[in-house]
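Before we start, here is the structure in question, set down as structure tokens.
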Amino acid sequence: MTERALPPHLHLDTLAVRTAVDKSQYGENSEALYLSSSFVQPDSETAARRFAGEEDGYIYSRFTNPTVASMEMRLAALEGSEACLGTASGMAAVLLLCMALLKSGDHVVCSHSVFGSTHKLLSTEFAKFGVQTTFVSQTDLTEWAKAIQPNTRLLFAETPTNPLTEVCDIAALSQIARKAGAVLAVDNCFCTPALQTPIALGADVVVHSGTKYLDGQGRVVAGALCASKEMVKDKFIPVMRSAGMSLSPFNAWVVLKGLETLSLRMKAQSAQALELAQWLEDHPKVAKVYFPGLPSHPQHALAMAQQSGVGGPVLAFDVVGDSVAHSRANAFTVIDSTQLMSITANLGDVKTIITHPGSTSHGRLSEANRQLAGIQQSLVRIAVGLEHLDDLKADLSRGLDLISATS
Ligand SMILES: *Cc1c(COP(=O)(O)O)cnc(C)c1O
């Protein structure tokens, strides 16, 4: 059955619901899930042409699957990129990016506040293969510019960061990358294309963990890279074909359906996060709040310009306390007194998630490195979901009412 072509100039909300590969002959309204590892070829000549890349056609789900293709088309439409490639996880996307663009002797400049596994992949795994990375300040552009070397091939940024929500200037970084002849990749996990489109700001590649807001309901692990047709076809797909960090069609289908509500969820969860951040900032048991939507945030103006005027759905705060041990005990009291929020190492769910970064996501850092990263034992991170705001405030009040500033 031939698909009605979509009309031109559609809005993001429409693309998120309507972009997909052609329907099957059955005319299903919800996109089909093609759980098939391979695809039957009509004859040997056609198979030969498809394997040689001379004719389009599905071959084998390590690198071609219609359900994965629907997810890729839809995410590309939202990010405003020419093409997209789904991957098994967010980290598989970072791995594929680095395998495709880097070789021994190359150099990377990366913010030192990126996701922990991204930091580790570059600093440990790629260092083994002779790729050097300079880690620089998330917010100080002169550090990025100074770190550029003749062999710099990749600038890697993530904004806002986890858990302190530091914001970097994507347009300014793209200028630095362009001048250096390097690629700028931006991890858009926290904002998603519903709030921020790095390609429009000059980034070359958008990196996604589909596990977070793209799925949006904490069901699957997935990832993706969005970039030009040329980069996806000539750089990324050959690595995918050889190395196989492929996205399962089932997981792709879950993300595909998640994208249909992405914009609504991001707006609603960000609005709740702003109200919660304002309430926490006025709370006597809270020492400091980290949230790009608050005027007190050091990059508030930049965040508002870059993120559709929205702070995003993640915030963090320091509880009061008069020593490292006391602050940690207070943070634990606030977390353990909740009866609704999930204590779990994820984010991007409609269920609100509360974590203690200093002993979980950043627990493996030395105390000195943790201090350097600005992550105190007093820090609590919240990825705000869709529960009623009054219930979330009450849930935090249970613990906040119990703690005190002095031990
Ligand atoms: C979770 C996350 C990743 C890694 O994604 P996985 O799907 O867990 O592999 C990368 N970047 C950011 C910002 C993340 O939050």
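The values are calculated or read from the model by the stated rules, or taken from the named source; none is laboratory data. Please read all numbers here as calculations on a predicted model, not as lab measurements. Counting neighbours? That spans all protein chains shown, and the Cβs are built from the backbone with ideal geometry, glycine included. To get the accessible areas, we keep the full protein, side chains included, count just its heavy atoms, and leave off ligands, DNA and RNA. Shrake-Rupley method; radii C 1.70, N 1.55, O 1.52, S 1.80 Å.
Considering only segment 336-372, state which residues are within 16 Å of the ligand (Cβ to nearest atom), crowded, with 17+ Cβ neighbours inside 10 Å and farther than 21 Å from G311 by Cα.
Residues satisfying the conditions are S361, H362.
Here is a further query. Of L96, L121, which residue is open to solvent by less than 20 Å² (accessible area, probe 1.4 Å) and within 16 Å of the ligand (Cβ to nearest atom)? Spell out the reasoning first.
Values: L121 fails: open to solvent by less than 20 Å² (accessible area, probe 1.4 Å).
The match here is L96.
Against the condition open to solvent by 20 Å² or more (accessible area, probe 1.4 Å) and either touching a residue at least 60 places away in the same chain (Cβ under 8 Å) or over 30 Å from V289 (Cβ atoms) (or both), how does G202 come out, does it pass? Outline the logic, then answer.
Working: open to solvent by 20 Å² or more (accessible area, probe 1.4 Å): no; either touching a residue at least 60 places away in the same chain (Cβ under 8 Å) or over 30 Å from V289 (Cβ atoms) (or both): yes.
So G202 does not fit the description; no.
Restricting the search to segment 172-193, which residues are open to solvent by 20 Å² or more (accessible area, probe 1.4 Å) and in contact (Cβ under 8 Å) with a residue 60 or more places away in the chain? Lay out the reasoning, then the answer.
Keep residues of segment 172-193 that are open to solvent by 20 Å² or more (accessible area, probe 1.4 Å), which gives 172, 175-176, 178-181, 183.
The answer is V183, and nothing else.
Taking F135 as meeting all but one of (1) open to solvent by less than 10 Å² (accessible area, probe 1.4 Å); (2) over 30 Å from H11 (Cβ atoms); (3) touching a Cys at 6+ places or on another chain (Cβ under 8 Å), write down the number of the exception.
Every listed condition holds for F135 apart from (1).
Can I ask one more? Being farther than 25 Å from G202 by Cα and open to solvent by 50 Å² or more (accessible area, probe 1.4 Å) is true for just one of S36, S24, S104. Which residue is that?
Numbers: S36 fails: open to solvent by 50 Å² or more (accessible area, probe 1.4 Å); S24 fails: open to solvent by 50 Å² or more (accessible area, probe 1.4 Å).
Just one listed residue meets the conditions, S104.
Sticking with this structure for a sec: Show the residue pairs meeting these rules: Cβ distance below 7 Å; 6+ apart or different chains; first residue within segment 356-377 and over 15 Å from Q138 (Cβ atoms); second residue of a type in the set (V, I, T) and surrounded by fewer than 19 Cβ atoms within 10 Å (Cβ to Cβ).
Q377/V324
Also: Please find, among S246, S174, S242, the residue that is hydroxyl-bearing (S, T, Y), part of a loop (DSSP other than H, G, I, E, B) and away from the ligand (no atom under 12 Å from the Cβ). Spell out how you get there, then give the answer.
Numbers: S174 fails: part of a loop (DSSP other than H, G, I, E, B); S242 fails: part of a loop (DSSP other than H, G, I, E, B).
Unique residue meeting the criteria: S246.
For residues that are of a type outside the set (D, E) and open to solvent by 10 Å² or more (accessible area, probe 1.4 Å), scanning just segment 382-402, find the one that is farthest from S263 (Cα to Cα).
Step one: list which residues in segment 382-402 are of a type outside the set (D, E), which gives 382-386, 388-389, 392-394, 396-400, 402.
Still in the running and open to solvent by 10 Å² or more (accessible area, probe 1.4 Å): 386, 388-389, 393-394, 397-398, 402.
On the way: L386: 13, H388: 19, L389: 19, K393: 24, A394: 27, S397: 30, R398: 32, L402: 37 Å.
Restricting to residues being of a type outside the set (D, E) and open to solvent by 10 Å² or more (accessible area, probe 1.4 Å), the top hit is L402.
Something else about it: For L214, state whether it is under 18 Å from C98 (Cβ atoms), in contact (Cβ under 8 Å) with a residue 60 or more places away in the chain and touching a helix residue (DSSP H, G or I) at 6+ places or on another chain (Cβ under 9 Å).
On the way: under 18 Å from C98 (Cβ atoms): no; in contact (Cβ under 8 Å) with a residue 60 or more places away in the chain: yes; touching a helix residue (DSSP H, G or I) at 6+ places or on another chain (Cβ under 9 Å): yes.
Judged against the criteria, L214 is not a match.
Filter segment 1-25 for residues that are more than 30 Å from R265 (Cβ to Cβ) and not aliphatic (A, V, I, L, M); which is modelled with the lowest pLDDT?
First, pick out the residues of segment 1-25 that are more than 30 Å from R265 (Cβ to Cβ): 1-2, 25.
Okay, now just the ones that are also not aliphatic (A, V, I, L, M), so 2, 25.
On the way: T2: 50, Q25: 95.
Ranking the qualifying residues of segment 1-25, first place goes to T2.
For Q41, state whether it is open to solvent by 80 Å² or more (accessible area, probe 1.4 Å) and over 19 Å from the mean Cα position of the chain (by Cα). Talk me through it step by step, then tell me what you get.
Numbers: open to solvent by 80 Å² or more (accessible area, probe 1.4 Å): no; over 19 Å from the mean Cα position of the chain (by Cα): yes.
Judged against the criteria, Q41 is not a match.
Here's something else I'd like to know. Does T46 satisfy the condition of being assigned by TED's automatic domain parsing to the domain that holds L195, farther than 22 Å from P249 by Cα and out of contact with any strand residue (DSSP E or B) (no Cβ under 8 Å at 6 or more places or on another chain)?
In short, yes.
Answer yes or no as to whether A203 is within 16 Å of the ligand (Cβ to nearest atom), of a type in the set (G, A, S) and closer than 23 Å to Y34 by Cβ.
Details: within 16 Å of the ligand (Cβ to nearest atom): yes; of a type in the set (G, A, S): yes; closer than 23 Å to Y34 by Cβ: no.
The answer is no for A203.
Before we move on, is G57 open to solvent by less than 60 Å² (accessible area, probe 1.4 Å), farther than 23 Å from K229 by Cβ and in a loop (DSSP other than H, G, I, E, B)? Don't jump to the end; show me each part of the working.
Values: open to solvent by less than 60 Å² (accessible area, probe 1.4 Å): yes; farther than 23 Å from K229 by Cβ: no; in a loop (DSSP other than H, G, I, E, B): yes.
Taking the combined requirement at face value, the residue does not satisfy it.
What's the total number of residues in segment 4-21 that are within 17 Å of A69 (Cα to Cα) and either in a loop (DSSP other than H, G, I, E, B) or open to solvent by 90 Å² or more (accessible area, probe 1.4 Å) (or both)? Show your work before the answer.
Initially, segment 4-21 is screened for residues within 17 Å of A69 (Cα to Cα), giving 5-6, 15-21.
Those left that are additionally either in a loop (DSSP other than H, G, I, E, B) or open to solvent by 90 Å² or more (accessible area, probe 1.4 Å) (or both): 5-6, 18-21.
Selection size over segment 4-21: 6.
Identify all residues within segment 215-224 that are within 12 Å of the ligand (Cβ to nearest atom) and surrounded by 24 or more Cβ atoms within 10 Å (Cβ to Cβ); write none if there are none.
A222, G223, A224
In addition: Name the residue, out of S113, S89, S137, S70, that is of a type outside the set (F, W, Y), more than 16 Å from the ligand (Cβ to nearest atom) and closer than 30 Å to A16 by Cβ.
Working: S113 fails: more than 16 Å from the ligand (Cβ to nearest atom); S89 fails: more than 16 Å from the ligand (Cβ to nearest atom); S137 fails: closer than 30 Å to A16 by Cβ.
One residue alone meets the criteria, S70.
Say whether the condition of being in the same structural domain as A273 (by TED's automatic domain parsing) and under 22 Å from the mean Cα position of the chain (by Cα) is met by at least one residue in segment 316-338. Spell out the reasoning first.
At the first step, the residues of segment 316-338 found to be in the same structural domain as A273 (by TED's automatic domain parsing) are 316-338.
Right, trim to under 22 Å from the mean Cα position of the chain (by Cα) and you get 316-317.
Yes.
Another question about this same structure. If I filter segment 151-169 for residues that are in contact (Cβ under 8 Å) with a residue 12 or more places away in the chain, within 16 Å of the ligand (Cβ to nearest atom) and of a type in the set (D, E), do I get at least one hit?
Scanning segment 151-169, I find at least one residue that is in contact (Cβ under 8 Å) with a residue 12 or more places away in the chain, within 16 Å of the ligand (Cβ to nearest atom) and of a type in the set (D, E), so the answer is yes.
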